[in-house]
């Protein structure tokens, strides 16, 4: 059954709404963003803040993929809820809305759902652009499958970067950057959670076109945390001092950098004020040539419109 549009979709929604009423749910419970999402479908006349990376002009806020892929960085129930919400159809609808308001770059991942979503959107005339994280294969080769998505950049995966540096194999990351340039002919970048990785690449003069740095060192080994604190948290390490250190490194490096986890995977989302403060700190703490990556989960409120307002308020260069 085709749900992307037309009579099939209308019939489906009508039957589903009737079923929701039958069990005592409000019609909006079927798709709780319907009413709240309305403002974001109307593009604003003033353009979004933009930056240029390796000759590619992009919005200063890139759409993240973690909620779509179910990486909540919290409890399994939240991960399951994100995956349940972001069906293929809702993923397509979400990305279409993002593009309609000028957020036309999505950092994706290599899986069936994002590939299907992009192909469907492009077949319908979308100009949405994407880029992906990746790494070399075990035998040191570069998989070129991602080229079918025509990525604007190709970034070395952050978790893999951190692990390779920890093992003293940082030249594998350098090799990735060189191979992307030589074998794909597109801009190459390095993502990391450990700011020392980005600092090292900059000091060595690696040929990366951009960096991507998490504001929290989530891959910090537990033994390092225990050495600092005497104990370690049960989950990932969102330490408040990490953000200042990451922003410091982003300002120090000469190349453009995309800061991610600016909302601390939801830990800065307890109120509208805390969200705004996180945007303010991130956007005023990076260079004017830098940007941010923000994942959105519009199940309960219109996060697209809210984030656009904050981008315009604090991210105008």
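The values are calculated or read from the model by the stated rules, or taken from the named source; none is laboratory data. Just so it is clear, the structure is predicted and the values come from calculations on it, not from any experiment. Glycine also receives a Cβ, built like all others from the backbone with ideal geometry; neighbour counts cover every protein chain displayed.
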Residue count for region 240-263, restricted to those that are assigned to a helix (DSSP H, G or I) and either surrounded by fewer than 19 Cβ atoms within 10 Å (Cβ to Cβ) or in contact with a helix residue (DSSP H, G or I) (Cβ under 6 Å, 6 or more places away or on another chain) (or both):
10
Considering only region 198-211, I want to know if a residue exists there that is in contact (Cβ under 8 Å) with a residue 24 or more places away in the chain, farther than 26 Å from residue 282 by Cβ and assigned to a loop (DSSP other than H, G, I, E, B).
yes
Output for Cβ contacts, cut-off 9 Å, separation at least six or different chains, first residue assigned by TED's automatic domain parsing to the domain that holds residue 71 in region 263-274, second part of a helix (DSSP H, G or I) and modelled with pLDDT under 85, reads 266/78
Checked against (1) over 20 Å from the mean Cα position of the chain (by Cα); (2) not in a helix (DSSP H, G or I), residue 216 satisfies every condition except (1)
Is it the case that residue 225 is surrounded by fewer than 21 Cβ atoms within 10 Å (Cβ to Cβ), in the same structural domain as residue 56 (by TED's automatic domain parsing), more than 29 Å from residue 307 (Cα to Cα) and in contact with a strand residue (DSSP E or B) (Cβ under 8 Å, 6 or more places away or on another chain)?
no
Which condition number does residue 143 fail, the rest of (1) surrounded by 13 or more Cβ atoms within 10 Å (Cβ to Cβ); (2) farther than 13 Å from residue 219 by Cα; (3) within 23 Å of the chain's Cα centre (by Cα) being met?
(1)
Being crowded, with 16+ Cβ neighbours inside 10 Å and either modelled with pLDDT under 90 or assigned to a loop (DSSP other than H, G, I, E, B) (or both) narrows it down to one of 36, 77, so name that one.
36
Evaluate region 104-113: report whether one residue or more is at pLDDT 90 or above and in a helix (DSSP H, G or I).
yes
With the structure loaded, tell me whether residue 237 is outside any helix (DSSP H, G or I), in contact with a helix residue (DSSP H, G or I) (Cβ under 6 Å, 6 or more places away or on another chain) and over 22 Å from residue 176 (Cα atoms) or whether it fails that test.
yes
Could you tell me whether residue 175 is at pLDDT 95 or above, in a helix (DSSP H, G or I) and loosely packed, with under 12 Cβ neighbours inside 10 Å?
no
For region 287-301, check the following and say yes or no: at least one residue is part of a helix (DSSP H, G or I) and in the same structural domain as residue 101 (by TED's automatic domain parsing).
no
Could you figure out which of (1) touching a residue at least 40 places away in the same chain (Cβ under 8 Å); (2) over 23 Å from residue 166 (Cβ atoms) isn't true of residue 246?
(2)
Give me a count of the residues in region 189-215 that are within 12 Å of residue 154 (Cα to Cα) and buried (at least 24 other Cβ atoms within 10 Å of the Cβ).
7
Could you tell me whether any residue of region 59-72 is at pLDDT below 80 and under 16 Å from the mean Cα position of the chain (by Cα)?
yes
How many of the residues in region 119-140 are part of a helix (DSSP H, G or I) and buried (at least 18 other Cβ atoms within 10 Å of the Cβ)?
1
